[in-house]
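A quick write-up on the structure given underneath.
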Amino acid sequence: MEKVFKLILKEKEIECKFNNLAEQANGQIITRIGDTVLLTTVVMGEERPDFGFFPLTVEFEEKYYAAGKIKGARFIKREGKPSDEAICTARLIDRSIRPRFSADFTREVQVISAVFSWDNENDPDILGLIGSSLALSISDIPWQGPLAAVRVGRVNNEFILNPTYEQRKESDLDIVFAGALDQGNLLINMIEGGAKEVKEETIIQALDFAKEFLEKIIYFQQDIIKEIGKEKISLQKKEVNTEFEKIVKDFLKQKLENVLFEQKADKTRINDLKKELTLLIQENYPEYISLALQIMDKEIDYLIHKNILDQEKRVDQRKLDEIRPISCQVGLFPRTHGSGLFCRGKTKGLSILTLGAPGDQQLVEGMEVAGKKRFMHHYNFPPYSVGEAKPLRGPGRREIGHGLLAEKALEPLIPEFEVFPYTIRIVSEMISSNGSTSMASVSSSSLALMDAGVPIKRPAAGIAVGLIKKNNKEYKLLTDIQGPEDHHGDMDFKIAGTTQGITALQMDVKIDGITKEIIEKALERGKKAREEILAIIIKTLDKPRENLSVYAPRILTLQINPEKIREVIGPGGKVINEIIDQTGVEIDIEPSGLVFITSEKQEAAEQALKWVQNIVREVVVGEVFEGKVQRILDFGAFVEILPGQDGLIHISKLSNKRVNKVEDIVKVGDLVSVKVISIDEQGRINLSLLEKNNKQ
């Protein structure tokens, strides 16, 4: 039996359809806005207490057929690994729903949102989050929902709900808010977005705008749950062996406090204490080693909360709004085009920038996007950064997510293509990590951009603001959270931007959610910290270098008549390939007639530029050229006066006297001086041979 529920939001209709399409899943729903349609399913697996963590996996699948496309790769037509955008959407959903599972729930859960239809107008990510909430809420899986999500844009100072792709291009704001109701009050538990240097108060205004719609979506879901929701399975409360728990706590008592606060939470000392505890338990209770480590983890959590709430005492003795010591360097390597090192405490981000030709742009092909990308930021997190020995793998979801977050923070500062036609790639290597590496990569990348001479508007920096919360009235905000505060704290709010405003936000929590008041104060903290960091960055390098690295390619540009493009390319690419082979340059031509010539050698670029200029040059009657005889026919000789441009010397124009045979005057390969005497309607050039005694 099929049931359909509908909700109108700002003239857009959200449709939720329930049927038995995926009847073996614990919960399923089909959601729709416009002609964008998703199927979201949730499945619960077996109990996995041995994991030591909640085994939740979230997948977001983009199907090419949803957009009426066949994958462009010649040999592989099946969808492969998810796109970076799909991975970030899956992370967005995960970060929203994960905090609302009980700590006592250890059964494996998988959430899959698959796009079945896409209308080129409505982004499916919001539907994926709403669908995940509803599928979980109506299933028998224990979950403390529902929650809602909306995207907010702003065009001409007017906020727009769930803007279309076209509206987002014009928007100076693109933020997703997710939240749930707690005793009738809205709590926000996830924020993700970018902006074009907007003020903190604009973010709060966007949240105020979103609040009404978030509540409507939650009430809408609550009505659906009442009508078709399944009864939840009962949670098995973890039995606590109080005697064993006391043994562990007695062992940890003063040792843990000392390691955390007197030894500045040194990771090695914490690990040494874990080893001591493991040896003790292994001797007497070998089957409880995992439980003992869980108890120790909870004790760390308790001590961090207690000391910060009661005494404002952090693990490294800093004040609550104090940033760790910062240092910066630029120009670290002789052959790279730009580099920047940003150190904040033990967190050290090294960014290296490479400049390329317009043709080096990344070709992007996906369900939602197809085109070129000229600015890329990639983030790497090698195992040595945390003192571990692990196999090197390709980038995981975390690396991709952090890389795109920093890219989003820097994107508004990158000069327009017309001003700086380079392809820009930055790779941020996290060579040492102790919290907030993604925000460190924003700062180190700003340094690398300026070191390379990229004319960015101004540098950006990022900071992570944490939270230790007892309730909505009793809480403490922490500026620049590090390892233990990140792991055991209640919030990670990453805020990036410039002196002019915010360019990127990402917030997730480990609790039910936070209030507007906490968000406002966190943004204030973020602004203060950002300005402190930027002051240090500017002391290191206050503006982009005036000159590019000697090893960076040089790009010369030339605007030609679009009708002349085929002449530059030549039949089968003959002409352009000859230029490239002879000079060693790269040539990219836009349909508008804009030509980009890229070379590591200035002379080669100038040689190629002159070659192209000669090809497209408009010949004028009366001009004189030194040309080479290319062909001889009975009625005259063809002379190449410019690359790719020939003119005809009619036999009658070879001499003042009568000429019986063309070869009597010129031969193939001769260099001759000629004068343009006419150009006919078809653009054919007629020449006259010039001789010393010629008086033409």
(message) Please go through (1) of a type in the set (Gly, Ala, Ser); (2) in a loop (DSSP other than H, G, I, E, B); (3) closer than 25 Å to ILE565 by Cβ for GLY647 and return the number of the only condition it doesn't satisfy.
(response) (2)
(request) Report those helices (runs of 4 or more DSSP H) wholly inside the range 70-181 carrying at least 2 residues which are within 28 Å of GLN222 (Cβ to Cβ) and at pLDDT 95 or above. (result) 84-97, 124-138
(message) I'm trying to understand the selection: among the residues of the range 546-578, which are touching a residue at least 40 places away in the same chain (Cβ under 8 Å) and under 16 Å from SER599 (Cβ atoms)?
(response) LEU548, SER549, TYR551, ALA552, PRO553, ARG554, ILE555, LEU556, THR557, LEU558
(request) Out of VAL659, VAL621, VAL674, report the one residue that is assigned to a loop (DSSP other than H, G, I, E, B) and modelled with pLDDT of 90 or more. (result) VAL621
(message) Being hydroxyl-bearing (Ser, Thr, Tyr) and free of Cβ contacts under 8 Å to residues at least 24 places away in the same chain is the filter here; which residues of the range 271-311 pass it?
(response) THR278, TYR302
(message) PHE244 - would you say it is part of a helix (DSSP H, G or I), aromatic (Phe, Trp, Tyr), modelled with pLDDT under 90 and more than 30 Å from THR347 (Cα to Cα)?
(response) yes
(message) Cβ-Cβ distance below 8 Å, separation of 6 or more or different chains: which pairs start in the range 491-516 with a residue that is outside the structural domain of SER446 (by TED's automatic domain parsing) and end on one that is assigned to a strand (DSSP E or B) and surrounded by fewer than 23 Cβ atoms within 10 Å (Cβ to Cβ)?
(response) none
(message) Given (1) under 30 Å from ASP123 (Cβ atoms); (2) buried (at least 19 other Cβ atoms within 10 Å of the Cβ); (3) not basic (Lys, Arg), identify the lone condition not met by LEU341.
(response) (1)
(message) Considering only the range 517-532, I want to know if a residue exists there that is within 18 Å of ARG398 (Cβ to Cβ), not assigned by TED's automatic domain parsing to the domain that holds ALA103 and not aliphatic (A, V, I, L, M).
(response) no
(request) Of the numbered conditions (1) of a type in the set (Val, Ile, Thr); (2) within 27 Å of LEU648 (Cα to Cα); (3) surrounded by 14 or more Cβ atoms within 10 Å (Cβ to Cβ), VAL620 fails exactly one; give the number of that condition. (result) (3)
(request) For the range 426-434, indicate whether the set of residues that are surrounded by fewer than 21 Cβ atoms within 10 Å (Cβ to Cβ), outside any helix (DSSP H, G or I), in contact (Cβ under 8 Å) with a residue 60 or more places away in the chain and among the aliphatic types (A, V, I, L, M) is non-empty. (result) yes
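Table: residues versus (1) touching a residue at least 40 places away in the same chain (Cβ under 8 Å); (2) within 20 Å of the chain's Cα centre (by Cα).
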{"position": "LEU332", "(1), (2)": "no, no"}
{"position": "LYS348", "(1), (2)": "yes, no"}
{"position": "LEU353", "(1), (2)": "yes, yes"}
{"position": "GLN361", "(1), (2)": "yes, yes"}
{"position": "GLY366", "(1), (2)": "yes, yes"}
{"position": "GLY371", "(1), (2)": "no, yes"}
{"position": "PHE375", "(1), (2)": "yes, yes"}
{"position": "PHE381", "(1), (2)": "yes, yes"}
(message) Just the residues that are under 26 Å from ILE326 (Cα atoms) and surrounded by fewer than 18 Cβ atoms within 10 Å (Cβ to Cβ), please, taken from the range 508-526.
(response) GLU520, LYS521, GLU524
(message) So for the range 493-507 (the condition being surrounded by fewer than 17 Cβ atoms within 10 Å (Cβ to Cβ), touching a strand residue (DSSP E or B) at 6+ places or on another chain (Cβ under 8 Å) and not acidic (Asp, Glu)), does at least one residue qualify?
(response) yes
(message) Name the single residue that is nearest to LYS476 (Cα to Cα) among those in the range 263-314 being outside any helix (DSSP H, G or I) and modelled with pLDDT of 90 or more.
(response) GLU312
(request) Report yes if some residue within the range 445-468 is crowded, with 24+ Cβ neighbours inside 10 Å, of a type in the set (Gly, Ala, Ser) and in a loop (DSSP other than H, G, I, E, B); otherwise report no. (result) yes
(request) Kindly check whether there is at least one residue in the range 487-496 that is more than 11 Å from VAL465 (Cα to Cα) and in a helix (DSSP H, G or I). (result) yes
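A quick yes/no check of all residues on (1) in a strand (DSSP E or B); (2) out of contact with any Phe, Trp or Tyr (no Cβ under 7 Å at 6 or more places or on another chain); (3) surrounded by 14 or more Cβ atoms within 10 Å (Cβ to Cβ):
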{"position": "LEU186", "(1), (2), (3)": "yes, yes, yes"}
{"position": "GLY193", "(1), (2), (3)": "yes, yes, yes"}
{"position": "GLU197", "(1), (2), (3)": "yes, yes, yes"}
{"position": "ILE203", "(1), (2), (3)": "no, yes, yes"}
{"position": "PHE209", "(1), (2), (3)": "no, no, yes"}
{"position": "LYS237", "(1), (2), (3)": "no, yes, no"}
{"position": "LYS249", "(1), (2), (3)": "no, yes, yes"}
{"position": "LYS253", "(1), (2), (3)": "no, yes, no"}
{"position": "PHE261", "(1), (2), (3)": "no, yes, yes"}
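The values are calculated or read from the model by the stated rules, or taken from the named source; none is laboratory data. Everything numeric here is computed off the predicted structure, so don't read it as measured data. Glycine gets a Cβ as well: all are built from the backbone with ideal geometry, and neighbour counts include every protein chain shown.
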